[in-house]
């Protein structure tokens, strides 16, 4: 069984599909597509939302063994970028909508419920699956870590 871990940002949505065999995880899409970068032609959130909806639907059509989705929510800090936080919330909502349409259970988590923090997440993800050959970034590590945190909930 597989878990889709997702982490949104204003420029792209990172995702990791982990397949579990006991305490071991295989990063299914490590050498394939692991981020959805919003097209340059999408100038406003409405266009990005529509595009993301289509892309997430495509991903879930390709990976039919995904049993559940784990969403790493953005951490909101006092005095942070309020417009960026709001935009990320839009994209997280698209993830929730697509999951509901496909009848996938979703868990939304912060670092505290994953058992890590922003300074340690890359190390944790590397321990879980190793590095990807390309696109290795903290947001991809977030996607790996949040998927890993859901491993005990799959059947």
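The set of residues in the range 25-59 being under 15 Å from residue 98 (Cα atoms) and out of contact with any helix residue (DSSP H, G or I) (no Cβ under 8 Å at 6 or more places or on another chain) consists of 50, 51, 54, 55, 58, 59.
Within the set 108, 94, the sole residue that is within 19 Å of residue 16 (Cβ to Cβ), surrounded by 15 or more Cβ atoms within 10 Å (Cβ to Cβ) and in contact with a helix residue (DSSP H, G or I) (Cβ under 7 Å, 6 or more places away or on another chain) turns out to be 94.
Among the residues of the range 18-46, those that are within 19 Å of residue 93 (Cα to Cα), touching a residue at least 24 places away in the same chain (Cβ under 8 Å) and either part of a loop (DSSP other than H, G, I, E, B) or touching a strand residue (DSSP E or B) at 6+ places or on another chain (Cβ under 9 Å) (or both) comprise 35, 36, 37, 38.
For residue 89, the requirement of being assigned to a helix (DSSP H, G or I), modelled with pLDDT under 90 and over 16 Å from residue 25 (Cβ atoms) is not met. Residue count for the range 122-133 under the criterion of being part of a loop (DSSP other than H, G, I, E, B), over 16 Å from residue 20 (Cβ atoms) and touching a residue at least 12 places away in the same chain (Cβ under 8 Å): the result is 2. Let me confirm something: among 118, 107, 113, which residue is more than 14 Å from residue 15 (Cα to Cα) and in a helix (DSSP H, G or I)? Matching residue, one of 118, 107, 113: 113. Report yes if some residue within the range 61-73 is touching a helix residue (DSSP H, G or I) at 6+ places or on another chain (Cβ under 8 Å), surrounded by 13 or more Cβ atoms within 10 Å (Cβ to Cβ) and part of a helix (DSSP H, G or I); otherwise report no. Taking every residue of the range 61-73 in turn, none turns out to be touching a helix residue (DSSP H, G or I) at 6+ places or on another chain (Cβ under 8 Å), surrounded by 13 or more Cβ atoms within 10 Å (Cβ to Cβ) and part of a helix (DSSP H, G or I). Select from the range 135-154 the residues that are assigned to a loop (DSSP other than H, G, I, E, B) and in contact (Cβ under 8 Å) with a residue 40 or more places away in the chain and write down the one among them that is surrounded by the most Cβ atoms within 10 Å (Cβ to Cβ). This residue is 150.
The values are calculated or read from the model by the stated rules, or taken from the named source; none is laboratory data. Predicted, not measured: the structure shown is a model, and the values here were computed from it. Note that we place each Cβ from the backbone using ideal geometry, even for glycine, and neighbour counts take in every protein chain shown.
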